[in-house]
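A.B. asks: Below you will find the structure I want to go over with you.
The values are calculated or read from the model by the stated rules, or taken from the named source; none is laboratory data. Small disclaimer: the values here were computed from a predicted structure and weren't measured. Cβ placement follows ideal geometry from the backbone for every residue including glycine, while neighbour counts extend to all protein chains displayed.
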Amino acid sequence: MAEQGPAPQDFQTVGVIGAGQMGSGIVQVCAMAGYNVRLQDIGEEPLQKGLDAIKRNLDRQVQKGRVSEADRDAALARVSTDISLESLFDCDLVIEAATENEEIKRAIFQQLCQGLKPEALVCTNTSSISVTRLASVTDRPERFMGMHFMNPVPVMQLVELIRGIATSEETFSRIRQMTVRLGKTPVAAEDFPAFIVNRILLPMINEAVYTLYEGVGSVEAIDTAMKLGANHPMGPLELADFIGLDTCLAVMYVLYEGLADSKYRPCPLLVKYVEAGWIGRKAGRGFYDYSGEKPIPTR
């Protein structure tokens, strides 16, 4: 892990929008790096779930001897929550980690920028949507860029940094410096649909779903084949459940519509699973059923 120094003076307070898996993970790494963090979501329940997840993760790190009790307690003390976007207006940096839906993200940025202090930077954790397009609804496209963390945030080392067409070099440099201070490795990606990781990963997952759809192999056979045949730590269908099939489908639609190439057409079976609400681990059912002690393939 990269060496963590004190938080840069120009980012005293970091706001994070969205208390889900990604948002809570971003809050955790920012708080552990010494930033004061304000977590915002639309309800008290998701905020409490997010805080509980952060506490659980840090407790686990303490038990493993990777984090001291004092550092855990100090990090938790740096985190505050609020249901109002207005609570973020005086933040130095705001990272949006809402659901992967362009209309929702655009609405958030329009509301946020009505009161956000002029010098503040804004980042989106989008995994696939055009950063330039999102920046266009803000009052500060030159101080806006993509900061795509990988899931789970506290564990994964990579952060994709994506400039919009108007992003200034100063903005990119400051966010890159912050990424390093978080103990992450930044990689610059151009603002094309799905960037680097998901441009490669999601079509592979989609192809695995096609392989299941066409009866080439069962869920178990496909995942075992890729784990043992390609040395992947997790099979593609198991990984899809972990990511969320709704997120996988959203990224495939972005690729399909953004690049106009039939090779990115989402598999009908993936669409069917999402329509059924079988969207993976978070729903208790996807390509595997998670209701018992051990996940059971659903096909």
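A.B. asks: Output the residues belonging to segment 210-222 that are of a type outside the set (A, V, I, L, M, F, W, C) and assigned to a helix (DSSP H, G or I).
C.D. replies: Of all residues in segment 210-222, those of a type outside the set (A, V, I, L, M, F, W, C) come to 210-211, 213-215, 217-218, 220.
Scanning segment 210-222 gives 210, 211, 213, 220.
A.B. asks: Can you find a residue in segment 107-115 that is in the same structural domain as residue 171 (by TED's automatic domain parsing) and within 30 Å of residue 62 (Cβ to Cβ)?
C.D. replies: no
A.B. asks: A further question on this structure: If you go through segment 223-243 one residue at a time, how many are free of Cβ contacts under 8 Å to residues at least 40 places away in the same chain and either closer than 22 Å to residue 194 by Cβ or in contact with an Asp or Glu (Cβ under 7 Å, 6 or more places away or on another chain) (or both)?
C.D. replies: Adding up the residues that qualify gives 9.
The rows are residues; the columns are (1) more than 17 Å from the chain's Cα centre (by Cα); (2) outside any helix (DSSP H, G or I); (3) surrounded by fewer than 21 Cβ atoms within 10 Å (Cβ to Cβ).
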| position | (1), (2), (3) |
| --- | --- |
| 199 | no, no, yes |
| 202 | no, no, no |
| 208 | yes, no, no |
| 224 | yes, no, yes |
| 252 | no, no, no |
| 272 | yes, no, yes |
| 275 | yes, no, yes |
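A.B. asks: Inspect all residues belonging to segment 178-196 and state whether any of them is farther than 19 Å from residue 14 by Cα and of a type in the set (Lys, Arg).
C.D. replies: No, segment 178-196 has no match at all.
A.B. asks: Here is a follow-up. Going through segment 184-222 one residue at a time, which ones are among the hydroxyl-bearing types (Ser, Thr, Tyr) and free of Cβ contacts under 8 Å to residues at least 12 places away in the same chain?
C.D. replies: Across segment 184-222, the qualifying residue is only 211.
A.B. asks: Let me ask something else about it. Just checking, which of 70, 135 is over 24 Å from residue 158 (Cα atoms), modelled with pLDDT of 95 or more and in the same structural domain as residue 31 (by TED's automatic domain parsing)?
C.D. replies: So the residue among 70, 135 that is over 24 Å from residue 158 (Cα atoms), modelled with pLDDT of 95 or more and in the same structural domain as residue 31 (by TED's automatic domain parsing) is 70.
A.B. asks: Looking at (1) assigned to a strand (DSSP E or B); (2) over 17 Å from the mean Cα position of the chain (by Cα), which is the one condition that is false for residue 188?
C.D. replies: (2)
A.B. asks: Across segment 254-270, what is the total count of residues that are surrounded by 21 or more Cβ atoms within 10 Å (Cβ to Cβ) and over 22 Å from the mean Cα position of the chain (by Cα)?
C.D. replies: Residues that pass the stated criteria total 1.
A.B. asks: Shifting gears a bit: Based on what the data block shows, is residue 39 assigned by TED's automatic domain parsing to the domain that holds residue 149 and either crowded, with 22+ Cβ neighbours inside 10 Å or out of contact with any Asp or Glu (no Cβ under 6 Å at 6 or more places or on another chain) (or both)? Steps first, answer last, please.
C.D. replies: Details: assigned by TED's automatic domain parsing to the domain that holds residue 149: yes; either crowded, with 22+ Cβ neighbours inside 10 Å or out of contact with any Asp or Glu (no Cβ under 6 Å at 6 or more places or on another chain) (or both): yes.
For residue 39, the condition - assigned by TED's automatic domain parsing to the domain that holds residue 149 and either crowded, with 22+ Cβ neighbours inside 10 Å or out of contact with any Asp or Glu (no Cβ under 6 Å at 6 or more places or on another chain) (or both) - is met.
A.B. asks: Sticking with this one: Would you mind telling me which numbered condition in (1) within 30 Å of residue 257 (Cβ to Cβ); (2) out of contact with any strand residue (DSSP E or B) (no Cβ under 6 Å at 6 or more places or on another chain); (3) charged (D, E, K, R) residue 143 fails?
C.D. replies: Only one criterion in (1) within 30 Å of residue 257 (Cβ to Cβ); (2) out of contact with any strand residue (DSSP E or B) (no Cβ under 6 Å at 6 or more places or on another chain); (3) charged (D, E, K, R) is unmet by residue 143, namely (2).
A.B. asks: One residue is enough: does segment 147-164 have a residue meeting the conditions among the acidic types (Asp, Glu), surrounded by fewer than 23 Cβ atoms within 10 Å (Cβ to Cβ) and in a loop (DSSP other than H, G, I, E, B)? Can you show your working first?
C.D. replies: Of the residues in segment 147-164, the ones among the acidic types (Asp, Glu) are 160.
Retained after the next criterion (residues that are surrounded by fewer than 23 Cβ atoms within 10 Å (Cβ to Cβ)): 160.
Right, trim to in a loop (DSSP other than H, G, I, E, B) and you get none.
No.
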